[in-house]
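The values are calculated or read from the model by the stated rules, or taken from the named source; none is laboratory data. Computed from a predicted model, the values in this text were never measured in an experiment. Positions of Cβ are generated from backbone atoms using ideal geometry, with glycine treated the same way; all protein chains shown enter the neighbour counts.
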Amino acid sequence: MLKTFDAPKADPVDPAFRRDVLAGLAEPIPAIPARWLYDRRGSELFDDITRLSSYYPTRTETALLDAKMPEIAARVGKGGAVVEFGAGSATKIRLLVDAIAATAYVPIDISGDYLRDSAAQLDADLPDLAVYPVEADFTKTVALPAGIEGMPRLGFFPGSTIGNFVPSSATDLLYNFRATLGTGARLLIGMDRVKPVDRLIAAYDDPEGVTAEFNRNLLTRINRELNGDIPVDAFAHEARWNDMLARIEMHLVATRDVSFTVEGERFSFAKGRSIHTENSHKYGPRGGRLLLLAGGWTPIAEWNAPEDDFALILAEA
Ligand code: AVJ
């Protein structure tokens, strides 16, 4: 049964977007937080990315979940509530709630419309599952619905979304998951692995140009929502491997000298200067487990995709 509630309609232009963009463009090394890539169009483009042949993470993680589900279910136990941080993975959540015969599903997402659509879909398909969508920022501690009180809790954080956070924020995030779920809870988390640089670059700079469009859509969004006049065609998508920090970085690089305004403020970019738009950290086996430990979670089991391309780790609070 679907449990909904009336939430206030979101402001069309988030004041935090305005702040982040104006402050980010003025920094000595310009950077805008990755969460702003995901407006309606950005989310559609990300969905297209997950189906590209060079973008291996989504299909690899889904196949891993599917293949290892009996083992995962044996470790997790049957029943209980699955709490998903973000609500972007209908296929993956179906595999999980089916395999462990979950009693309740609590998707937590900041985007209310998206949340309600996906919750309604799951509710229609699985009438025995109690679905409690929670519209909230999962990077903070979230109050869980009273309906799941007393149930064992499994947090689910797939997609290597943890990689979007620098390690110091990632440990804060993991601590907040622990505060949200409570002691004794479990967490099943997906992490992308370090691998040969050519494969990493191909995944974030596909020949079809979808990731480039996804990245440049941020500029289109700024122009639309923040009265900008950024010449979008003057910025090129670039995916860089930062070996010291073990991460892919997405940048928008000025291909010529440009000057533009956003909300009446002027910014100038010399040719070659970039706006850093996303980090995607990759973890080896030790690094991944250490990150969990540093965030208050003890790893208890790990499953690896063929060639160690991707990992699912089960941890206990
Ligand atoms: C949303 C974190 C899963 O980092 O791989 C994909 C985002 N950016 N291509 C990732 C992304 C460019 C993606 N995650």
Of the listed residues (114, 105), the one being over 20 Å from residue 188 (Cα atoms) and in contact (Cβ under 8 Å) with a residue 24 or more places away in the chain is 114
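Can you name every residue in segment 260-297 that is in a loop (DSSP other than H, G, I, E, B) and more than 16 Å from the ligand (Cβ to nearest atom)? Quick ask: steps written out before the conclusion?
First, the residues of segment 260-297 that are in a loop (DSSP other than H, G, I, E, B): 263-264, 270-273, 282-284, 295-297.
Once the filter is applied, which keeps residues that are in a loop (DSSP other than H, G, I, E, B) and more than 16 Å from the ligand (Cβ to nearest atom), segment 260-297 yields 263, 264, 270, 271, 272, 273, 284, 295, 296, 297.
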Residue 242 passes all but one of the listed conditions (1) surrounded by 14 or more Cβ atoms within 10 Å (Cβ to Cβ); (2) within 16 Å of the ligand (Cβ to nearest atom); the exception is number (1)
Residue 170 of a type outside the set (Ser, Thr, Tyr), within 16 Å of the ligand (Cβ to nearest atom) and either in contact with an Asp or Glu (Cβ under 7 Å, 6 or more places away or on another chain) or in a helix (DSSP H, G or I) (or both): yes
Within segment 9-63, the count of residues that are modelled with pLDDT of 95 or more, closer than 22 Å to residue 202 by Cα and of a type in the set (Asp, Glu) comes to 2
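How many of the residues in segment 183-228 are acidic (Asp, Glu), under 30 Å from residue 12 (Cβ atoms) and more than 12 Å from the ligand (Cβ to nearest atom)?
1
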Determine if segment 256-266 includes at least one residue that is over 23 Å from residue 193 (Cβ atoms), within 20 Å of the chain's Cα centre (by Cα) and touching a residue at least 24 places away in the same chain (Cβ under 8 Å). no
Given (1) in contact with a Leu (Cβ under 7 Å, 6 or more places away or on another chain); (2) within 21 Å of residue 61 (Cβ to Cβ), residue 237 misses just (2)
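I'm trying to understand the selection: among the residues of segment 298-312, which are more than 16 Å from the ligand (Cβ to nearest atom), not aromatic (Phe, Trp, Tyr) and not in a helix (DSSP H, G or I)?
298, 299, 300, 301, 302, 304
Considering only segment 158-167, state which residues are more than 11 Å from the ligand (Cβ to nearest atom) and within 18 Å of residue 109 (Cα to Cα). Give the steps one after another, and end with the answer.
Start the filter on segment 158-167 by keeping residues that are more than 11 Å from the ligand (Cβ to nearest atom), which leaves 166-167.
Of everything in segment 158-167, nothing turns out to be more than 11 Å from the ligand (Cβ to nearest atom) and within 18 Å of residue 109 (Cα to Cα).
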Among the residues of segment 11-32, is there at least one that is aromatic (Phe, Trp, Tyr) and not in a helix (DSSP H, G or I)? no
